[in-house]
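A short write-up of the structure that comes next.
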Amino acid sequence: MTGRVFLIGAGPGDPGLLTLKAKDCLEQSDVVVYDRLVSPEILAFIPKHADRVYVGKEAHNHTLPQAEIEDLLVEKALCGQTVSRLKGGDPFVYGRGAEEAEALAARGIPFEIVPGISSAIAAPAYAGIPLTHRTLASGFHVVTGHECLHSRGTPWEVLALSSQTLVILMGMGHLPEITDKLISYGRAPDTPVAVVSWGTTARQEVVVGTLATIAAAVAKNEVKPPAVIVVGDVVQLHEKLHWFEPDMALSL
């Protein structure tokens with residue numbers, strides 16, 4: 001009998017933000033295939049009898065290629081096992097969950113998507129930065145900075161001229177290039193920018209500047225990924241609304 005696969009979002013890092021449904025799915029699992037940024041507190045929900053398979057990825061260092069991860073999910077499910085594919089954030093927000101779901105669908109394997117809280121929303125919130133505000137921004141864009149200006153279909157020239165909040169994930173390696181190009185495409189150099197690293201966790205750090213200064217500020221403070229970059233006037237509210245301190249991080 002064919003098993004089933006749960007494609008689960010583990011949230012942004014704070015274990016308290018894991019959904020009840022995600023916890024329930026983990027507790028049913030025979031196999032859990034998990035990523036690098038999943039916290040130990042969340043892994044503690046995995047049953048003792050379940051196999052754990054680490055497939056974490058860092059820049060230029062992938063434990064398994066994506067195609068092999070998909071083959072692994074298919075293989076385990078065809079053996080009749082209940083499989084949880086545990087990803088940081090949300091599986092359908094730059095988590096490659098859609099590709100894994102396609103691989104499962106192609107083999108007729110039952111699967112379920114369990115949404116998680118994306119760092120695109122959670123990290124700014126824990127830094128006291130709302131993505132929308134009645135007088136500052138009526139909407140927001142979320143894009144990847146992983147390949148910067150070469151990201152397929154990312155309209156950087158349009159985003160530069162937008163008055164909406166811009167949230168950039170996986171952009172730390174290209175931060176100087178991103179800020180320079182946004183300015184060159186017409187975004188004001190004094191536009192507020194925040195970089196939130198390790199958002200929602202005990203390692204959270206927030207650096208605030210402008211498009212013209214943020215790259216230097218990040219370098220000076222030696223800020224490392226994972227980090228979320230927020231561009232827009234809503235960043236001004238950080239000083240007034242920041243509420244979370246690292247020593248407030250929850251443990252389950």
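Counting only residues that are in contact (Cβ under 8 Å) with a residue 40 or more places away in the chain and within 20 Å of the chain's Cα centre (by Cα), the range 1-25 holds 16 of them. If I ask for residues that are in contact with a Leu (Cβ under 7 Å, 6 or more places away or on another chain) and of a type in the set (V, I, T), which ones from the range 194-213 would you list? Passing the criteria: only T200.
Count of the range 78-103 residues, restricted to those that are at negative phi and surrounded by 22 or more Cβ atoms within 10 Å (Cβ to Cβ), is 10.
Checked against the criterion of being touching a Pro at 6+ places or on another chain (Cβ under 8 Å), surrounded by fewer than 18 Cβ atoms within 10 Å (Cβ to Cβ) and at pLDDT below 95, the range 125-148 contains not a single residue that satisfies it.
Of the residues making up the range 149-168, those that are in contact with a helix residue (DSSP H, G or I) (Cβ under 6 Å, 6 or more places away or on another chain) and buried (at least 18 other Cβ atoms within 10 Å of the Cβ) are W156, A160, T165, L166, V167. Of all the criteria given as (1) among the hydrophobic types (A, V, I, L, M, F, W, C); (2) within 19 Å of the chain's Cα centre (by Cα); (3) crowded, with 17+ Cβ neighbours inside 10 Å, the one not satisfied by A202 is (3). Among the conditions (1) touching a Cys at 6+ places or on another chain (Cβ under 9 Å); (2) more than 21 Å from G209 (Cβ to Cβ); (3) not hydroxyl-bearing (S, T, Y), E177 misses just one, which is (2). Got a sec? Which of T179, T144, T132, T165 is farther than 16 Å from V234 by Cβ and under 20 Å from the mean Cα position of the chain (by Cα)? Exactly one of T179, T144, T132, T165 is farther than 16 Å from V234 by Cβ and under 20 Å from the mean Cα position of the chain (by Cα), namely T144.
One line per residue, one yes/no per condition, for (1) without any contact (Cβ under 8 Å) to a residue 60 or more places away in the chain; (2) farther than 29 Å from D14 by Cα:
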site	(1), (2)
V74	yes, yes
G80	no, yes
S84	no, no
G89	no, no
G95	no, no
E100	no, no
A103	yes, yes
G108	no, yes
G116	no, no
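The values are calculated or read from the model by the stated rules, or taken from the named source; none is laboratory data. The structure presented is a predicted model; accordingly, all values stated were derived computationally and were not measured. All Cβ positions, even for glycine, are placed from backbone atoms using ideal geometry, and neighbour counts span all protein chains on display.
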